Amino acid sequence: MTIFSRSSAVDKIHTPATEAEQAKVLLSRRGFCLCCIASGTFAATGWLTPREVFAKAQGIVDMIKSEAAKASIDVTKLRNNVSVLMGSGGNIAVLNGPDGKVLIDAGIGVSKEHMITALDGLGKEPITTLINTHWHFDHADGNDWLHSAGATIYGHENTRKHLSEAQRVDDWDYNFPAAPSGGIPTKILGDATEMKLNGETLLIKYYGPSHTDGDLSIYFAEADILHTGDTFWNGIYPFIDYSTGGSIDGAIKAAKANVEMTTDKSIVIPGHGPIGTQADLVAFRDMLVTIRDNVAALKAKGRSLDETIAAKPTAAFDDKWGKFVIDPAFFTRLVYHGI
């Protein structure tokens, strides 16, 4: 690993999937780790808040892990030896080459065997490096086995903190135990870091509190590929984890930073949902800003949470963003809480 200055990205145009292909990915397990809830509980009960769905599911995290254990891993090769793995929680980027396999996020630990098959299909190089975009289990639960396989784990200091201690996520109504010692990052990343691996310059930046208080972006400079972690959910209302430092204003700040880090030629890897473009980032940013403004205006008039939900401040966006686990009412609650 060598420290370098930023290089210009290769002038290659990514051709996004068709809308039908994106919809197929979005509504599959591989597109989002909670769709096992949507396929069963939602069909029977209609739209519920995540808390209501989780209560009915009686052990949502265990259910997600069970589904992840059965799901195969879809591999999509992008460019410059960067690939995306979908099927184990959040989307995982892999950069392969002589410095070994570099992973952005680890997925869910029970996907280990499927992950090994997918990684072996990318080449015989060993696993050497893992960067956590944040601490959530669908992105970091696989840390321990990847460390045992040879990965040095990098993350923000707040990611290390949350993985080192028991954490409660109120909106999931779930208490997470501390990660095993092998699953905790040993290399702490600050506000900005550059690493040279496998012929790529990785520009790693800390967003500040956004989805959580430890979110990182990873930009593959030569390939012009940005991994946003959960600061971008493509076609889905996002979750904001207030329990561990997230905020709607921080989420908007991160969304604006993502737009500024890309061009119309960039490939964007979201935390959840199909591979995207800068145009998708712009749409996501605009959605967040408008809904935040709508909710803020209602709250300034003294509207209660229930009254604000009844006013439907998300209505203009619900057909595109609100048809999955984070439904319009729950997303309104998240925004209202942060204003």
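Tell me, yes or no, whether segment 271-283 has at least one residue that is assigned to a helix (DSSP H, G or I) and within 23 Å of P126 (Cα to Cα). Steps first, answer last, please.
Taking segment 271-283 as the starting set, the residues that turn out to be assigned to a helix (DSSP H, G or I) are 278-283.
Pick out the ones that are also within 23 Å of P126 (Cα to Cα) and you get none.
Checked segment 271-283: no residue is assigned to a helix (DSSP H, G or I) and within 23 Å of P126 (Cα to Cα).
Among what's in segment 313-328 and is part of a loop (DSSP other than H, G, I, E, B) and either more than 27 Å from P274 (Cα to Cα) or within 19 Å of the chain's Cα centre (by Cα) (or both), pick the residue that is modelled with the lowest pLDDT.
To start, the set of residues in segment 313-328 that are part of a loop (DSSP other than H, G, I, E, B) comprises 313-314, 322-327.
Filter once more, so that each one left must be either more than 27 Å from P274 (Cα to Cα) or within 19 Å of the chain's Cα centre (by Cα) (or both): 322-327.
Values: G322: 94, K323: 86, F324: 79, V325: 75, I326: 87, D327: 91.
Here the answer is V325.
G190 is checked against (1) crowded, with 17+ Cβ neighbours inside 10 Å; (2) without any contact (Cβ under 8 Å) to a residue 40 or more places away in the chain; (3) touching an Asp or Glu at 6+ places or on another chain (Cβ under 9 Å) and fails just one. What number does that condition carry?
(1)
Can you name every residue in segment 231-270 that is assigned to a helix (DSSP H, G or I), in contact with an Asp or Glu (Cβ under 7 Å, 6 or more places away or on another chain) and closer than 22 Å to L202 by Cα?
Of everything in segment 231-270, those that are assigned to a helix (DSSP H, G or I), in contact with an Asp or Glu (Cβ under 7 Å, 6 or more places away or on another chain) and closer than 22 Å to L202 by Cα turn out to be T231, A254.
Working only within segment 46-105, note down all residues that are out of contact with any strand residue (DSSP E or B) (no Cβ under 8 Å at 6 or more places or on another chain), closer than 30 Å to K196 by Cα and at pLDDT below 95. Explain how you work it out, then say what you get.
Going through segment 46-105, the residues out of contact with any strand residue (DSSP E or B) (no Cβ under 8 Å at 6 or more places or on another chain) turn out to be 46-53, 55-59, 62-72, 88-89, 98.
Keeping just the survivors that are closer than 30 Å to K196 by Cα gives 88-89, 98.
Of everything in segment 46-105, those that are out of contact with any strand residue (DSSP E or B) (no Cβ under 8 Å at 6 or more places or on another chain), closer than 30 Å to K196 by Cα and at pLDDT below 95 turn out to be S88, G89.
Are any of the residues in segment 284-292 outside any loop (DSSP other than H, G, I, E, B), hydrophobic (A, V, I, L, M, F, W, C), touching a strand residue (DSSP E or B) at 6+ places or on another chain (Cβ under 9 Å) and within 12 Å of G235 (Cβ to Cβ)?
Within segment 284-292, one or more residues are outside any loop (DSSP other than H, G, I, E, B), hydrophobic (A, V, I, L, M, F, W, C), touching a strand residue (DSSP E or B) at 6+ places or on another chain (Cβ under 9 Å) and within 12 Å of G235 (Cβ to Cβ).
If you go through segment 203-213 one residue at a time, do you hit one that is aromatic (F, W, Y), in contact with a Ser or Thr (Cβ under 7 Å, 6 or more places away or on another chain) and not in a helix (DSSP H, G or I)?
If we filter segment 203-213 for residues that are aromatic (F, W, Y), which is where we start, we get 206-207.
From the residues that got through so far, the ones that are in contact with a Ser or Thr (Cβ under 7 Å, 6 or more places away or on another chain) too are 207.
Next, from what is left, pick out any that are not in a helix (DSSP H, G or I): 207.
Checked segment 203-213: at least one residue is aromatic (F, W, Y), in contact with a Ser or Thr (Cβ under 7 Å, 6 or more places away or on another chain) and not in a helix (DSSP H, G or I).
Please determine, by comparing only the residues of segment 206-227 that are closer than 21 Å to R79 by Cα and without any contact (Cβ under 8 Å) to a residue 60 or more places away in the chain, which one is nearest to the chain's Cα centre (by Cα). Before the answer, list the steps.
Quick first cut of segment 206-227, residues closer than 21 Å to R79 by Cα only: 217-227.
Cutting the leftovers down to without any contact (Cβ under 8 Å) to a residue 60 or more places away in the chain gives us 219, 226.
Numbers: Y219: 14, L226: 12 Å.
Filtering first and then ranking leaves L226.
Select from segment 107-166 the residues that are within 24 Å of I240 (Cβ to Cβ), in a helix (DSSP H, G or I) and not small (G, A, S) and list them in ascending order.
Answer for segment 107-166, where residues must be within 24 Å of I240 (Cβ to Cβ), in a helix (DSSP H, G or I) and not small (G, A, S): F137, D138, H139, N143, E157, N158, T159, R160, K161, H162, L163.
Hey, K299 hits all of (1) assigned to a loop (DSSP other than H, G, I, E, B); (2) basic (K, R); (3) in contact with a Ser or Thr (Cβ under 9 Å, 6 or more places away or on another chain) but one; which does it fall short on?
(1)
The values are calculated or read from the model by the stated rules, or taken from the named source; none is laboratory data. What you see is a predicted model, and the numbers here were worked out from it, not measured in a lab. Backbone-built Cβ (ideal geometry, glycine too); neighbour counts: all protein chains shown.
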